[in-house]
Amino acid sequence: MKYVIAAAVAELLAVLHVSVMQYIEILGVTPDLVLIFVAVWAVVRGHEEAWIVALLAGFVKDLSVSDPLGTAALALTPIVLLAAATRIRAVDTEFLPSVVVVALGSLGYGIINMIVLAGTGQSVAWSDSILRVVLPGCLVNALFTPLIYMPVHTFTAQRRLGTIGTRRLTSPL
């Protein structure tokens, strides 16, 4: 059921990306809500679930944009590796690692997307694309992370309480 919900949310965000978000331009780029969703899911829910969600969301996004099929799915998979690396962290929150994974995942997504487009014979202006699209996209996606983080974190926290039971909310000291 969780993967059906994730696929439905990814579809909704992909439709928003191609319809509404095109009118929201910050620093010359639009936020990628599907990428943010996958990154937040990977950090909050774990990298085991995130592999499937990244592939589902990637194919859903590929069906809604004009990139070659499989490009987004391929470009979203490094996000899962980044999220797995955040499990070794010194902070006790999932928000800061989510923002870092979104920013670095946006960088990886942009570079992989350009490699795939160059591999299919399309011309890519590497320096302009990185300076005017990829790097501002990292910042804009990181700024939009709280919009996706809050619902995913809230849904996950409710699920944890319902299945595991009550947890200790205070310090044992």
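The values are calculated or read from the model by the stated rules, or taken from the named source; none is laboratory data. Being a predicted model, the structure only gives us computed values, none of them experimental. Cβ coordinates were reconstructed from backbone atoms using ideal geometry, including for glycine residues, and neighbour counts include every protein chain displayed. SASA here: full protein model, heavy atoms, side chains in, ligands and nucleic acids out. Shrake-Rupley method; radii C 1.70, N 1.55, O 1.52, S 1.80 Å.
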Cut-off 20 Å (backbone N to label point 7 Å along Cα→Cβ of ARG87), residues of the range 13-44: 38-44
Where labels lie 7 Å past Cα in the beta-carbon direction, separation of GLU48 and GLU25 in nm: 4.5
For the range 17-112, average projected area of the Cα convex hull in nm²: 6.2
Separation in nanometres of the label points that stand 7 Å from Cα toward Cβ, at ALA7 and ALA118: 3.5
Selection from VAL65, VAL29, MET1, by position along the positive dipole direction of the chain (Cβ): MET1
Rg/Rh (Cα only; Kirkwood hydrodynamic radius) as it applies to the chain: 1.00
Convex hull per residue volume in Å³, alpha carbons only, for the range 71-118: 55
Accessible-area order (highest first, 1.4 angstrom probe) of the listed residues ASP62, ASP67: ASP67, ASP62
Inter-site label distance for LEU96 and LEU147 at 7 Å from Cα along Cβ, in nm: 2.5
